[in-house]
Structures are given as C-alpha cells and as structure tokens.
1. Looking at Q88, Q58, Q62, which is the one that is buried (at least 16 other Cβ atoms within 10 Å of the Cβ), modelled with pLDDT of 95 or more and of a type in the set (S, T, N, Q)?
2. Would you mind stating whether D31 is within 14 Å of the chain's Cα centre (by Cα), charged (D, E, K, R) and more than 16 Å from A104 (Cα to Cα)?
3. For region 10-27, how many residues meet the condition of being under 15 Å from I48 (Cβ atoms), touching a strand residue (DSSP E or B) at 6+ places or on another chain (Cβ under 9 Å) and in a loop (DSSP other than H, G, I, E, B)?
4. Look at region 16-31 and say how many of its residues are hydrophobic (A, V, I, L, M, F, W, C) and surrounded by fewer than 16 Cβ atoms within 10 Å (Cβ to Cβ).
5. Suppose the filter is modelled with pLDDT of 95 or more and in contact with a strand residue (DSSP E or B) (Cβ under 9 Å, 6 or more places away or on another chain); does G103 pass it?
6. Scan region 19-42 for residues that are among the hydroxyl-bearing types (S, T, Y) and farther than 17 Å from P71 by Cα and jot them down.
7. Determine whether R42 is touching a helix residue (DSSP H, G or I) at 6+ places or on another chain (Cβ under 6 Å) and either of a type in the set (K, R) or buried (at least 19 other Cβ atoms within 10 Å of the Cβ) (or both).
8. Going through region 34-57 one residue at a time, which ones are more than 13 Å from the chain's Cα centre (by Cα) and either over 28 Å from G97 (Cα atoms) or hydrophobic (A, V, I, L, M, F, W, C) (or both)?
Amino acid sequence: MAEDYVESKIQPDKVVLFIKATCPYCISAQDVLKGYNFKEDRLQIYDITGHSQMKDIQDYLQKKTGARTVPRVFVGTECVGGGSDVQQLEKDGLLKGKLSAIGAI
C-alpha cells in the first residue's frame, strides 16, 4: 500500500515533496521551490502527517531513497534528498537546471 502510494505520486515531469506540515526542513524546501514559476500542477506537495500509512510510507521512502526523514524531494524520478539538499542545489546554481530538464518550469 505505501509503495503504491509513493510510486503513484512520483512522475517524470513533476517535482514531488513528501512532507510533514510542521517540519522546518520541509518548510525550507517548500520556500526554495516556491521561488520558481512552476507550470500548472508540476509542483506536488503531499503532507503525510496523520496519514494512516505514515510509518509505512516513511519505511518505503527509506528503502527507495536511503533516508526515512522528510522532506523527501523528487525532481522527476530522481530523489534529490531533503531540505538541506534542496538548499544546497539552489546555492550551487544546479536546481534551476534540474527543474528545466524535466519541463517543470
């Protein structure tokens, strides 16, 4: 169930975040990404707080990405990491290119 949930959200032409609403790293990643002018429906944010399968979703994210923590940020089908990783990509000037490469912006 959790695997189906996660895999159904990840799309080659979208940026997908799995978050918990009050997590400061999740908020940070969203703030960086919201600085871009995304095409309609290309930025998808899924709050798993209180989801009936939250633990299983995080366990599957651990299996898929090597980390159980949120946010888990996917640019297309590539997991680019979490909040600090998104900030680093932005700082290094690499984030825009990744977003452009999948047609999200």
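1. Details: Q88 fails: buried (at least 16 other Cβ atoms within 10 Å of the Cβ); Q62 fails: buried (at least 16 other Cβ atoms within 10 Å of the Cβ).
Just a single option satisfies the conditions, and that option is Q58.
2. Values: within 14 Å of the chain's Cα centre (by Cα): yes; charged (D, E, K, R): yes; more than 16 Å from A104 (Cα to Cα): yes.
Against the criterion (within 14 Å of the chain's Cα centre (by Cα), charged (D, E, K, R) and more than 16 Å from A104 (Cα to Cα)), D31 qualifies.
3. Residues flagged as under 15 Å from I48 (Cβ atoms), touching a strand residue (DSSP E or B) at 6+ places or on another chain (Cβ under 9 Å) and in a loop (DSSP other than H, G, I, E, B) within region 10-27 amount to 3.
4. Of all residues in region 16-31, those hydrophobic (A, V, I, L, M, F, W, C) come to 16-19, 21, 23, 26-27, 29.
With surrounded by fewer than 16 Cβ atoms within 10 Å (Cβ to Cβ) added as a condition, the list becomes 21, 27.
Number of matching residues: 2.
5. Numbers: modelled with pLDDT of 95 or more: yes; in contact with a strand residue (DSSP E or B) (Cβ under 9 Å, 6 or more places away or on another chain): no.
No; evaluated as a whole, the condition is false for this residue.
6. Just the residues of region 19-42 that are among the hydroxyl-bearing types (S, T, Y), to begin with: 22, 25, 28, 36.
Y36, the sole residue that qualifies.
7. Working: touching a helix residue (DSSP H, G or I) at 6+ places or on another chain (Cβ under 6 Å): no; either of a type in the set (K, R) or buried (at least 19 other Cβ atoms within 10 Å of the Cβ) (or both): yes.
In short, no.
8. Kept after step one, since they are more than 13 Å from the chain's Cα centre (by Cα), are these residues of region 34-57: 35-41, 49-57.
Answer for region 34-57, where residues must be more than 13 Å from the chain's Cα centre (by Cα) and either over 28 Å from G97 (Cα atoms) or hydrophobic (A, V, I, L, M, F, W, C) (or both): F38, T49, G50, H51, S52, Q53, M54, K55, D56, I57.
The values are calculated or read from the model by the stated rules, or taken from the named source; none is laboratory data. Every value quoted in this text rests on a predicted model; they were computed, and no experiment measured them. Because the Cβ atoms are built from the backbone with ideal geometry, glycine has one as well, and the counts that use them run over all protein chains shown.
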